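The values are calculated or read from the model by the stated rules, or taken from the named source; none is laboratory data. None of the values given here were measured: they were computed from a predicted structure. FYI the Cβ positions are ideal-geometry reconstructions off the backbone, even for glycines, and counts take in every protein chain you see.
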Amino acid sequence: MERVALWGIGSPVVAEVEESCARRGWHIVAACRNHPGAVWTCPAIPLLDAERMAGSPPAPVLVPLFSPANRQRAWKQADAAGAEAAPALTDPTAILPRVMEIGIWSYVNAGAMIGAAACLGRFVFVSQTASIGHHCELADFASVGPGAVVLPGIRIGAGVAVPAGAVVRRDIPAAVVGTPESTA
């Protein structure tokens, strides 16, 4: 059984990550509240603030946040605290190819479909029921919203957030955030 800690728990997608961990048989040993605000974890998971996790996080860390900027900020905090990277988390209900690359700290949610020879960078977030075509590349910190479709061979740049339900028909360069023109 893999043991992991969550770093950054101010997003409702935390519940999805918890469910994926449970289906995968991973045990969440702690959750880090890295800023004031709402907490979206199960009450049974021990809650720690960033200062208490500093220097000795209790397990490798996952960053369960959808927004690329928030995920990057939380990762920098976790890294500064000495956190070890958790392996990529893929929900057992996701459809994955035999051949693909997936970077550390990445997450593929329930019901997502990833095409053959896809390459997902570090800290990539693929939401539930999203479809990533074959030979696609999602650069570091890219996010794909629920039900979005990325057609085969497309490159999504670093830090791009593809909104829910979008259909991406052409490459999106790094640092462009919002609805791709190709969804019209």
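Go through the residues of the stretch 57-70 one by one and say whether even a single one is closer than 19 Å to Asp140 by Cβ, β-branched (Val, Ile, Thr) and touching an Asp or Glu at 6+ places or on another chain (Cβ under 8 Å).
Yes, the conditions are met somewhere in the stretch 57-70.
Hey, Val167 hits all of (1) within 25 Å of Ala74 (Cβ to Cβ); (2) at pLDDT 95 or above; (3) of a type in the set (A, V, I, L, M) but one; which does it fall short on?
For Val167, the exception is condition (1).
Quick grid of which residues meet (1) surrounded by fewer than 15 Cβ atoms within 10 Å (Cβ to Cβ); (2) in a helix (DSSP H, G or I):
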residue	(1), (2)
Trp75	no, yes
Pro97	yes, no
Ala110	no, no
Phe141	no, no
Gly147	no, no
Ala158	no, no
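Among the residues of the stretch 56-64, is any part of a loop (DSSP other than H, G, I, E, B), within 25 Å of Ile156 (Cβ to Cβ) and not acidic (Asp, Glu)?
Within the stretch 56-64, one or more residues are part of a loop (DSSP other than H, G, I, E, B), within 25 Å of Ile156 (Cβ to Cβ) and not acidic (Asp, Glu).
Can you run down the residue pairs with Cβ atoms below 6 Å, 6 or more apart or on separate chains, where the first is in the stretch 143-157 and in contact (Cβ under 8 Å) with a residue 40 or more places away in the chain and assigned by TED's automatic domain parsing to the domain that holds Gln128 and the partner is in a strand (DSSP E or B) and of a type outside the set (S, T, N, Q)?
Listed by first residue and then by second, the contacts come to Ser143/Phe125; Ser143/Ala161; Gly145/Val162.
Surrounded by fewer than 18 Cβ atoms within 10 Å (Cβ to Cβ), under 22 Å from Cys32 (Cβ atoms), out of contact with any helix residue (DSSP H, G or I) (no Cβ under 8 Å at 6 or more places or on another chain) and among the aliphatic types (A, V, I, L, M): is that true of Ala88 in this structure?
no
Could you say whether any residue in the stretch 3-16 is assigned to a loop (DSSP other than H, G, I, E, B), aromatic (Phe, Trp, Tyr) and buried (at least 20 other Cβ atoms within 10 Å of the Cβ)?
For the stretch 3-16, residues assigned to a loop (DSSP other than H, G, I, E, B), aromatic (Phe, Trp, Tyr) and buried (at least 20 other Cβ atoms within 10 Å of the Cβ): absent.
Could you list, in sequence order, all residues of the stretch 19-47 that are surrounded by 20 or more Cβ atoms within 10 Å (Cβ to Cβ) and not in a loop (DSSP other than H, G, I, E, B)?
Residues satisfying the conditions are Ser20, Cys21, Ile28, Ala30, Ala31, Cys32, Arg33.
Looking for whichever is small (Gly, Ala, Ser), touching a residue at least 24 places away in the same chain (Cβ under 8 Å) and closer than 22 Å to Glu16 by Cα here; the options are Gly55, Gly82, Gly121, Gly111. Which one fits?
Exactly one of Gly55, Gly82, Gly121, Gly111 is small (Gly, Ala, Ser), touching a residue at least 24 places away in the same chain (Cβ under 8 Å) and closer than 22 Å to Glu16 by Cα, namely Gly121.
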